[in-house]
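Enquirer: Here it is, the structure, as structure tokens.
The values are calculated or read from the model by the stated rules, or taken from the named source; none is laboratory data. Here the structure is a predicted model, which is why all the values come from computation and not from measurement. All Cβ positions, even for glycine, are placed from backbone atoms using ideal geometry, and neighbour counts span all protein chains on display.
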Amino acid sequence: MFTDIERHGLLKFVPPNFLSVNVLVIDSPELLDELRKLLPAAQIAFMTTKRTHELEKICNDVRADLLVGNYLHGELPTAPKIFELILAQEILSAGETLYPTLLALNHLLTDSGALLTKFAEPTWTKARIVKLLDDAIYKEIRFLPDENFWLVKARKCTAEVAALKELFTESTRAELSRLLHRIEYDIDVDENFSRLIKLCDREGIFDEYLTDFINQVVVHESAKDFIRARSENFGRVLNFDS
């Protein structure tokens with residue numbers, strides 16, 4: 001039973017799940033067996049710098065794909081948004097390549113995905129970790145104590161933004177974002193506002209969704225006020241955060 005599985009280390013952040021989620025584990029083969037028990041249907045990829053018979057056997061036993069490459073040198077999968085979880089215990093020892101590597105891993109995460117890692121004090125502090133991950137565009141950073149380490153979970157997006165993104169297709173969201181930015185920066189405002197209303201009507205974008213989306217992508221309060229006032233002419237009611 002799932003409730004009988006004891007989770008260790010980074011796996012404390014991994015709830016049991018029957019879904020076929022995509023997971024990347026980097027250079028931590030000791031996590032694979034327990035991870036497979038927690039995620040029986042997951043598509044697990046294990047990345048290492050050197051293929052060995054021992055690693056091949058471990059991956060075969062847990063049904064994980066073995067990838068060979070040095071992630072510190074940018075040798076990572078190239079497709080964006082493919083992993084729901086990336087477990088990289090030693091990422092913070094990457095030295096000069098740390099920041100670009102964090103950005104590259106962020107690129108691989110789905111909108112609801114998260115990076116899991118760990119650090120020890122006094123080499124790192126929570127404040128330094130938060131600043132580093134924030135600069136690398138991670139959100140909702142959480143810490144858990146674990147013996148002599150701090151475990152870290154950093155999401156690609158906030159839960160609120162991830163939920164918003166799941167309601168409509170990527171192309172619809174991209175068009176919505178483009179139109180809002182053009183309106184905000186006074187580019188063919190009348191034409192783009194007309195296109196915005198037509199997009200919302202065609203795709204069924206309701207007022208609450210549009211309000212939340214605008215709160216996420218529009219920076220200037222004056223632009224929000226303009227969009228709200230103009231939207232009222234089309235029978236739409238947008239209530240923004242004060």
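Enquirer: Looking at SER20 and the list (1) farther than 21 Å from ILE129 by Cβ; (2) within 21 Å of the chain's Cα centre (by Cα); (3) surrounded by 13 or more Cβ atoms within 10 Å (Cβ to Cβ), which single condition is not satisfied?
Expert: (3)
Enquirer: List the pairs whose first member sits in segment 5-26 and is hydrophobic (A, V, I, L, M, F, W, C), whose second member is part of a loop (DSSP other than H, G, I, E, B), and whose Cβ atoms are under 6 Å apart, counting only residues at least 6 apart or on separate chains?
Expert: What qualifies is PHE18/ALA41; VAL21/ALA42; VAL23/ALA42; ILE26/ALA88.
Enquirer: Something else now. Return yes when LEU199 is assigned to a helix (DSSP H, G or I), of a type in the set (A, V, I, L, M), more than 25 Å from GLY113 (Cα to Cα) and in contact (Cβ under 8 Å) with a residue 12 or more places away in the chain and no when it is not. Before the answer, list the steps.
Expert: Working: assigned to a helix (DSSP H, G or I): yes; of a type in the set (A, V, I, L, M): yes; more than 25 Å from GLY113 (Cα to Cα): yes; in contact (Cβ under 8 Å) with a residue 12 or more places away in the chain: yes.
Taking the combined requirement at face value, the residue satisfies it.
Enquirer: Now a separate question. Given the conditions (1) in a strand (DSSP E or B); (2) within 21 Å of PHE143 (Cα to Cα); (3) of a type in the set (Val, Ile, Thr), which single one is not true for ILE44?
Expert: (2)
Enquirer: Further, regarding this structure: Can you confirm whether LEU85 is aliphatic (A, V, I, L, M), under 17 Å from the mean Cα position of the chain (by Cα) and assigned by TED's automatic domain parsing to the domain that holds ALA120?
Expert: Yes; evaluated as a whole, the condition is true for this residue.
Enquirer: With ASP4, ASP65, ASP61 as the choices, which residue is surrounded by fewer than 16 Cβ atoms within 10 Å (Cβ to Cβ) and at pLDDT below 95?
Expert: On the way: ASP65 fails: at pLDDT below 95; ASP61 fails: at pLDDT below 95.
Matching residue, one of ASP4, ASP65, ASP61: ASP4.
Enquirer: Let me ask you something else. Between a first residue in segment 68-81 that is exposed (fewer than 14 other Cβ atoms within 10 Å of the Cβ) and a second residue that is among the hydrophobic types (A, V, I, L, M, F, W, C), which pairs have beta carbons less than 8 Å apart while being 6 or more apart in sequence or on different chains?
Expert: So the pair list comes out as VAL68/MET47; GLY74/ALA104; ALA79/LEU108; PRO80/LEU108.
Enquirer: Also, quick follow-up: Quick one: would you say LYS126 is surrounded by fewer than 18 Cβ atoms within 10 Å (Cβ to Cβ) and touching a Lys or Arg at 6+ places or on another chain (Cβ under 6 Å)?
Expert: Here the answer is no, as LYS126 does not meet what is asked.
Enquirer: Sticking with this one: Kindly provide the set of residues from segment 208-242 that are in a loop (DSSP other than H, G, I, E, B) and within 27 Å of the chain's Cα centre (by Cα), ordered by number.
Expert: Step one: filter segment 208-242 for residues in a loop (DSSP other than H, G, I, E, B), giving 218-220, 233-242.
Passing the criteria: VAL218, VAL219, HIS220, PHE240, ASP241.
Enquirer: Filter segment 28-39 for residues that are in a loop (DSSP other than H, G, I, E, B) and in contact with a helix residue (DSSP H, G or I) (Cβ under 9 Å, 6 or more places away or on another chain) and give the result. So that I can check it myself, show each step before the final result.
Expert: If we filter segment 28-39 for residues that are in a loop (DSSP other than H, G, I, E, B), which is where we start, we get 28, 39.
If the condition is that a residue be in a loop (DSSP other than H, G, I, E, B) and in contact with a helix residue (DSSP H, G or I) (Cβ under 9 Å, 6 or more places away or on another chain), then SER28 is the only one that fits.
Enquirer: Considering only residues that are touching a residue at least 60 places away in the same chain (Cβ under 8 Å) and either of a type in the set (Val, Ile, Thr) or in a loop (DSSP other than H, G, I, E, B) (or both), look in segment 82-109 and name the one that is surrounded by the fewest Cβ atoms within 10 Å (Cβ to Cβ).
Expert: Checked segment 82-109; the qualifying residue surrounded by the fewest Cβ atoms within 10 Å (Cβ to Cβ) is GLU90.
Enquirer: Kindly indicate whether any position in segment 191-202 is at pLDDT 90 or above, touching a Phe, Trp or Tyr at 6+ places or on another chain (Cβ under 6 Å) and more than 22 Å from LYS139 (Cβ to Cβ).
Expert: Kept after step one, since they are at pLDDT 90 or above, are these residues of segment 191-202: 191-202.
Then keep just the ones that are touching a Phe, Trp or Tyr at 6+ places or on another chain (Cβ under 6 Å); that gives 197.
When the remaining residues are screened for being more than 22 Å from LYS139 (Cβ to Cβ), the result is 197.
Yes, some residue in segment 191-202 is at pLDDT 90 or above, touching a Phe, Trp or Tyr at 6+ places or on another chain (Cβ under 6 Å) and more than 22 Å from LYS139 (Cβ to Cβ).
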